[in-house]
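These notes are about the structure you will find just below.
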Amino acid sequence: MTTLRILTLNCWGIPIPVVCKNRCDRIEAIGDEISKRDYHLVILEEVWLSSDYKILCEKICPVLPHAHYFYSGMLGTGCCVFSKFPIGETMYFHFSLNGFAHKVWHADWYAGKGVGLCKMVIDGLHINLYSSHIHAEYNRANDEYLSHRIAQCFEMSQFIKQTSGTCDLVILAGDLNMLPSDLGYRVILTNGNLQDCWTDKEKTTSDEAGNTCELPDNSYTSAEDTKVNPLGKRIDYILYRANQGVKVFIKEASVTMGCIPGKHFHYSDHEALEAVLRIEKSSDVVSPLEDDDHLESERNQHLLEAIEFIDIGMEQSKFNGMFFQFGFLLLFILLFLLSQTEAGGDPMIFYILLFVKLGLTLVLAFCFWTGVMVTRTDANNFLGIKLNIANVLKNSKVKIQ
């Protein structure tokens, strides 16, 4: 029998002091706290700076000597893994859709989000550990990224399903940015054949709801967040699947790492989630998720619903493309007219016109890049994901309208 104690935490390591408070102190405290506890696997998100990752390695690696950071995109993924056991092969699957390039202030498009895989062998058990951070939900009432997140959930579940057939145990941990009632969560569970540690736990030492974000007593929760979610929300998960010949008992699952001892602020704007798994290997055990007709039927219903949102996302991409192409045309005409304007020998007017034309040229280039390249790519990616979902449904003999 093997016991694994696992922790996942969104560290909120955005390197902008005005947006992200007390980052340096919190990163130090996170490393100190994890190093004091007896974890076997730690999965962290939003570790954006290499200097912060280095600090975490210096503090955590003496007790969890094996570490891996998933590099992807312009900003990096922010995801890293610390392990008491050697990490074997690793790979990273970059999501096809990552939000909008023109929403620079959200930055998800530039972060290279996806799902990372670390393979390891623990007490003879072949374990696939997956780490991910799904696109953020910025406005639940008007969620412009819903199609993107559902697409990411499908791609992640497919990646896990296609890469985990020969291992004994699958573990997925991270900030999935969705509630248990959301379609994306149900797609991950049913299409990835995964179970939720929180719902399967035998006991907990914390809040029964398992809420990890926007908790009312968290020092970084705003009054507006408290109005929307008075008790917080559950968006951080540790999911698992025991393959054939393996039985898993979730002995405990708890929300932990709240306020930093001796400080007036918390480790992060999220709380950490930990789970204790007890694993038995037996040739007589068959995975309860295999050949489950009810699960397959439920999955098919979720995928049919997902296609509807994929279609919405495809239309949104086409609309964005036309918007930026039209903007490109208007700016081109304006730039042409300005190029015909004379400064009349006044140096001040000359330099003003020069800077205006330079600014318009930059915006013009951005509109061309976004309207022609980015939005067309997004539309094609939505179409590709829709066809991939259709193929899953076709194998289950489900007709798509």
For the list (1) touching a His at 6+ places or on another chain (Cβ under 6 Å); (2) in a loop (DSSP other than H, G, I, E, B), I need the number of the one condition that Lys103 fails.
(1)
What tally of residues in the range 351-401 results from selecting those that are over 19 Å from Phe154 (Cα atoms) and open to solvent by less than 90 Å² (accessible area, probe 1.4 Å)?
18
Looking at (1) closer than 18 Å to Ile333 by Cα; (2) outside any helix (DSSP H, G or I), find the lone condition where Ile400 falls short.
(1)
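Just to be sure, is Cys167 more than 21 Å from His302 (Cα to Cα) and part of a loop (DSSP other than H, G, I, E, B)?
Numbers: more than 21 Å from His302 (Cα to Cα): yes; part of a loop (DSSP other than H, G, I, E, B): yes.
In short, yes.
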Report, by residue number, each residue of the range 102-120 that is crowded, with 20+ Cβ neighbours inside 10 Å, within 18 Å of the chain's Cα centre (by Cα) and of a type in the set (A, V, I, L, M).
Ala111, Val115, Leu117
One residue from Cys213, Cys197, Cys259 being at pLDDT 95 or above, surrounded by 15 or more Cβ atoms within 10 Å (Cβ to Cβ) and closer than 26 Å to Glu28 by Cβ:
Cys213
Could you check Ala67 against (1) open to solvent by less than 10 Å² (accessible area, probe 1.4 Å); (2) out of contact with any Gly (no Cβ under 8 Å at 6 or more places or on another chain); (3) in a strand (DSSP E or B) and say which number it fails?
(1)
I'd like to know if the range 329-345 contains one or more residues that are within 26 Å of Asn193 (Cβ to Cβ) and surrounded by 14 or more Cβ atoms within 10 Å (Cβ to Cβ).
no
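Search the range 121-169 for residues being β-branched (Val, Ile, Thr) and farther than 30 Å from Asp378 by Cα, and hand back the single one that is most open to solvent (accessible area, probe 1.4 Å). Reasoning before the result, please.
Initially, the range 121-169 is screened for residues β-branched (Val, Ile, Thr), giving 121-122, 127, 134, 150, 160, 163, 166.
From what's left, farther than 30 Å from Asp378 by Cα: 121-122, 127, 166.
Values: Val121: 77, Ile122: 0, Ile127: 2, Thr166: 128 Å².
The qualifying residue most open to solvent (accessible area, probe 1.4 Å) is Thr166.
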Odd one out for Thr77 among (1) open to solvent by 40 Å² or more (accessible area, probe 1.4 Å); (2) part of a loop (DSSP other than H, G, I, E, B)
(1)
Could you list, in sequence order, the residues of the range 226-282 that are part of a loop (DSSP other than H, G, I, E, B), over 21 Å from Tyr39 (Cβ atoms) and among the polar types (S, T, N, Q)?
Asn229, Asn243, Gln244, Ser282
Given the residues Ile34, Ile6, Ile43, which is the only one that is touching a residue at least 24 places away in the same chain (Cβ under 8 Å), within 29 Å of Leu125 (Cα to Cα) and touching a Ser or Thr at 6+ places or on another chain (Cβ under 6 Å)?
Ile43
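Residues Lys201, Lys119: which one is touching a Gly at 6+ places or on another chain (Cβ under 6 Å) and within 23 Å of Val276 (Cβ to Cβ)? Before the answer, list the steps.
Working: Lys201 fails: touching a Gly at 6+ places or on another chain (Cβ under 6 Å).
Only one candidate qualifies: Lys119.
In this structure, does Gly88 turn out to be modelled with pLDDT of 95 or more and of a type in the set (Gly, Ala, Ser)?
Values: modelled with pLDDT of 95 or more: yes; of a type in the set (Gly, Ala, Ser): yes.
Yes: the conditions hold for Gly88.
The values are calculated or read from the model by the stated rules, or taken from the named source; none is laboratory data. It should be emphasised that the depicted structure is a prediction, and the values quoted were computed from it without experimental measurement. Neighbour counts are summed over all protein chains in view; Cβ atoms, including those assigned to glycine, are modelled from backbone coordinates with ideal geometry. Ligands, DNA and RNA are excluded from the accessible area calculation, which covers all protein heavy atoms including side chains. Shrake-Rupley method; radii C 1.70, N 1.55, O 1.52, S 1.80 Å.
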